Structures are given as structure tokens and as C-alpha cells.
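The values are calculated or read from the model by the stated rules, or taken from the named source; none is laboratory data. Because the structure is predicted, anything quoted here is derived from the model rather than measured. When we count neighbours, we look across all protein chains shown, and the Cβ atoms used for this are built from the backbone with ideal geometry, even at glycine. Heavy atoms of the whole protein, side chains included, go into the accessibility calculation; ligands, DNA and RNA do not. Shrake-Rupley method; radii C 1.70, N 1.55, O 1.52, S 1.80 Å.
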Amino acid sequence: MAAKKTTSNANHKTKLIASLTSPFARKVRIVASEKRIEYELVVDIPWNEDTQVPKHNPLGKVPVWVPEDGKALFDSRVIVEYLDGISPVSHLLPKDARARIAVKRWEALADGLCDAAALVFLERKRPAKQQDKAWIERQMKKVTGALEEMSEELGQRDWCHGEAYSLADICVGCALGYLDLRFKDEIDWRRSHPNLAELYDRLMQRPAFKETVPPAA
Ligand SMILES: N[C@@H](CCC(=O)N[C@@H](CS)C(=O)NCC(=O)O)C(=O)O
């Protein structure tokens, strides 16, 4: 399927190239929504033969942010930092250097979970005989380890960093949502980590989260 243009912002000059199931793309969509930044969503699955993604990102990955008047931006970490800087609406990354790094550590943890989970998902798509069980196990350890770290760090607080909603919560929420999409019957993170379940429920009250739940594949 060729890239498909969607959303009410069709024909907006700034574009976000994304798939609807990518947790990294969901992160960018949520940040843009919280920051009230308009763009046109161009849905493109980077695994499809006719994907246009490599024309914008030599790494062939989504999300890619294509500003009206500048170079295409990737990856999601660069894009969200850029978006947070260009609009004064609801700051999602602290200005203070130490606090900023603490939030970015959360981002690295949540993104790392998604990287490992996606590798397992892809490995399992290969013919059964070609699948590497040890590789899958190695990646699954990263997923469970990241969940444990997130849960421990969050403790009984409402938000991942400090007293307020930030990019840290967005990244964790996207990682948890991705586990729901790809590992629903296998990883019961709500039961093993009830504080993450409470956080996710809190996040899902926000329109930006509700509107970007990945469609069941
Ligand atoms: N670190 C990147 C990860 C992006 C990523 O892995 N995207 C996946 C979709 S979830 C992709 O486009 N994969 C295609 C490929 O690896 O060729 C980011 O944060 O944007």
C-alpha cells in the first residue's frame, strides 16, 4: 500500500510520516497534540515494498517529521525535542539540565523496551524453524527488566518525573500501549506492576493518548 494521507490536517505543509502501530510514532503524535502543533499525518508502513520512507530517512524507519521549510527530522527523540522547543504550549522537557537528563533517561528506558519488543515481534514472524529462541529470550529479558525498572522508579507517585506530566510519562505510556498491541496474552504488565496500570489509566484520560491507541493489527 502506498503512503496514505489522513487526518483533518490534510494538505498541511508540515508532514509526519508514520505507521499507526509504531510506539515511536505514537510518542511524536502525542507530543504534537499536547503542544497543539499542526501537521499532516502521512501513513506509510516501512516494511511495504512501495514505502516512501527511505526518501526522507536513509535508515528507512518511522517516524519522520518533514517540516515545511527544512530537513526531514528523525528519530523520535530528535523530533520530540524539536517539537517541545518550537511551541511554548505545555513544556514536556524540563529546562534544567539534570531534570532534562532524568526525563531523557525515562525515554531511553521506554524506547529500549519498544526496540526489544519489536525485535521479538519480528523474529516471531519468521518461519518457526528459522527463529532463534535464545535471541527471543535475550530480548524478552530486556522487556521484563525495563518494566521492573519503570515500576520501581515510579513507585507510588502519579508521574514518572517530579510532580507533573512530562515526556517521561508519554514514552512509558507508548511502551505499555505497544505491549498491549503485540503481547496482550503473554505479558500481563497490569497484574505484575499495578502502579504502571494506574499510570496508564491516568494517561488514557488525555485526548492525545485516547486518539492514538494503535489499531489492532
Ligand atoms: N529509534 C527510532 C526507532 C524507530 C523504529 O524502530 N521504527 C520502526 C517502526 S516501530 C521502523 O520503522 N522499522 C522499520 C525498519 O527497521 O526497517 C525512533 O525512536 O524513531
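State yes or no: is residue 201 of a type in the set (Asp, Glu), open to solvent by 50 Å² or more (accessible area, probe 1.4 Å), within 28 Å of residue 82 (Cα to Cα) and in contact with a Lys or Arg (Cβ under 8 Å, 6 or more places away or on another chain)?
Spelling it out, it is not the case that residue 201 is of a type in the set (Asp, Glu), open to solvent by 50 Å² or more (accessible area, probe 1.4 Å), within 28 Å of residue 82 (Cα to Cα) and in contact with a Lys or Arg (Cβ under 8 Å, 6 or more places away or on another chain).
Can you pull out the residues in the range 77-104 that are surrounded by 13 or more Cβ atoms within 10 Å (Cβ to Cβ), touching a residue at least 24 places away in the same chain (Cβ under 8 Å) and part of a helix (DSSP H, G or I)?
Scanning the range 77-104 gives 77, 79, 80, 83, 84, 99, 102, 103, 104.
Give me the pairs, please: first residue somewhere in the range 53-69 and within 14 Å of residue 86 (Cα to Cα) and in a strand (DSSP E or B), second residue anywhere and polar (S, T, N, Q) and more than 9 Å from the ligand (Cβ to nearest atom), beta-carbon distance under 6 Å, and either six or more positions apart or on two chains.
The qualifying pairs do not exist here.
Among (1) open to solvent by 70 Å² or more (accessible area, probe 1.4 Å); (2) within 15 Å of the ligand (Cβ to nearest atom); (3) polar (S, T, N, Q), which single condition is residue 130 missing?
(2)
Within the group 27, 15, which residue is modelled with pLDDT of 95 or more and touching an Asp or Glu at 6+ places or on another chain (Cβ under 6 Å)?
Residue meeting the stated conditions: 15.
In the range 18-40, how many residues are open to solvent by less than 10 Å² (accessible area, probe 1.4 Å) and either part of a strand (DSSP E or B) or β-branched (Val, Ile, Thr) (or both)?
Residues flagged as open to solvent by less than 10 Å² (accessible area, probe 1.4 Å) and either part of a strand (DSSP E or B) or β-branched (Val, Ile, Thr) (or both) within the range 18-40 amount to 5.
Please give the number of the condition residue 17 fails out of (1) more than 12 Å from the ligand (Cβ to nearest atom); (2) of a type in the set (Val, Ile, Thr); (3) within 16 Å of the chain's Cα centre (by Cα).
(1)
Confirm whether residue 64 is surrounded by 13 or more Cβ atoms within 10 Å (Cβ to Cβ), β-branched (Val, Ile, Thr), in the same structural domain as residue 19 (by TED's automatic domain parsing) and over 16 Å from residue 30 (Cβ atoms).
yes
Could you check how many residues of the range 44-61 are open to solvent by 10 Å² or more (accessible area, probe 1.4 Å) and in contact with a strand residue (DSSP E or B) (Cβ under 7 Å, 6 or more places away or on another chain)? Can you show your working first?
Kept after step one, since they are open to solvent by 10 Å² or more (accessible area, probe 1.4 Å), are these residues of the range 44-61: 45-52, 54-56, 58-61.
Restricting the remaining residues to those that are in contact with a strand residue (DSSP E or B) (Cβ under 7 Å, 6 or more places away or on another chain) gives 56.
Matching residues across the range 44-61 total 1.
When you go through (1) over 19 Å from the mean Cα position of the chain (by Cα); (2) assigned to a loop (DSSP other than H, G, I, E, B) one by one for residue 184, which number turns out not to apply?
Unmet condition: (1).
Out of everything in the range 34-78 that is more than 14 Å from the ligand (Cβ to nearest atom) and among the acidic types (Asp, Glu), what residue ends up being modelled with the lowest pLDDT?
69
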